[in-house]
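The values are calculated or read from the model by the stated rules, or taken from the named source; none is laboratory data. The structure displayed is predicted, hence computed values, not measured ones. So basically every Cβ, Gly included, is an ideal-geometry build from the backbone, and we count neighbours across all protein chains shown. Heavy atoms of the whole protein, side chains included, go into the accessibility calculation; ligands, DNA and RNA do not. Shrake-Rupley method; radii C 1.70, N 1.55, O 1.52, S 1.80 Å.
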Amino acid sequence: DAGVTQSPTHLIKTRGQQVTLRCSPKSGHDTVSWYQQALGQGPQFIFQYYEEEERQRGNFPDRFSGHQFPNYSSELNVNALLLGDSALYLCASSFWDRENQPQHFGDGTRLSIL
Amino acid sequence: AQSVTQLDSQVPVFEEAPVELRCNYSSSVSVYLFWYVQYPNQGLQLLLKYLSGSTLVESINGFEAEFNKSQTSFHLRKPSVHISDTAEYFCAVSEYGNKLVFGAGTILRVKS
C-alpha cells in the first residue's frame, strides 16, 4: 500500500522563477492538503483540495496556487519566488468524509531559493 | 482562532530517563489533538491522537499523552526513552475539516 509520494525531493530555483511541486495521495484518500515548513518552525497550512476544488486556504498570498486532478493527485504552484519561500513543502492526504481520521504525510519537497 | 504552544524548543535527556514534552492549545470549539514525529530529512509520522473518550491515549512505541480540557493541555510523556527516540515532535490541533494547526516543535535529544 503506497503512502503519500511527493516529487521532486529537492529543488533549487532563483528569485522570480516559478515552481510546481507534485503529490500523489495515499491509496484510497480523496483529499490533499499542502503545508509549508520553514527551517526551525512547525508546518503552516497552505490549502486543501477535494473534488478538484480548493476547500480551505491558509494565510498565503495568491502567488501560491494549486490543482487537484481526477485521480486525486495534486500540484502546488508558486509564482514569483521569493527568498522567503525557501522551505520544506509537505503534502498530506486524508478522507474528506472522515473528519476524525489523521492526515498522512509525504516526505516533502525541499525548495531552496537562491 | 486555534493556536498551539510547545513550551520547550529543545529537551535533552539521558537514555532510559523519563521525558515530558509540553503542549498547550487554544480553541473556541471542541478539537482533535495529535502528536506527530519528524526524523531528519523525513515527513511527519503520526505518533498518537485524541479524538474523544478516554483522556489518556497511548502509542505502540511507549509514548502516551493526556488530554486535559481544563488546562487546555496535551502533554506527551514516555517513562524511558531510547536513543532512537531522538527526533522533532510536533503537537497539532484540528477542528472540523482536517486543517491542522501545528506548534513550533520540540527537539528531543537523547544522550547515552
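For the stretch B:22-112, which strands (runs of 3 or more DSSP E) that fit wholly inside it have 1 or more residues that are free of Cβ contacts under 8 Å to residues at least 40 places away in the same chain, of a type in the set (D, E) and over 21 Å from A:T31 (Cβ atoms)?
B:56-58, B:64-68
Looking only at the stretch B:15-35, decide whether some residue is open to solvent by 10 Å² or more (accessible area, probe 1.4 Å), aromatic (F, W, Y), touching a Lys or Arg at 6+ places or on another chain (Cβ under 9 Å) and facing chain A (nearest Cβ under 10 Å).
There is at least one residue in the stretch B:15-35 that is open to solvent by 10 Å² or more (accessible area, probe 1.4 Å), aromatic (F, W, Y), touching a Lys or Arg at 6+ places or on another chain (Cβ under 9 Å) and facing chain A (nearest Cβ under 10 Å).
Hey, among A:Q103, A:Q44, A:Q6, A:Q37, which residue is modelled with pLDDT under 95 and under 14 Å from the mean Cα position of the chain (by Cα)?
The match here is A:Q103.
State which residue is farthest from the other protein chains (Cβ to nearest Cβ) when the search covers only the stretch B:56-99 and only residues that are within 14 Å of the chain's Cα centre (by Cα) and among the polar types (S, T, N, Q).
B:N68
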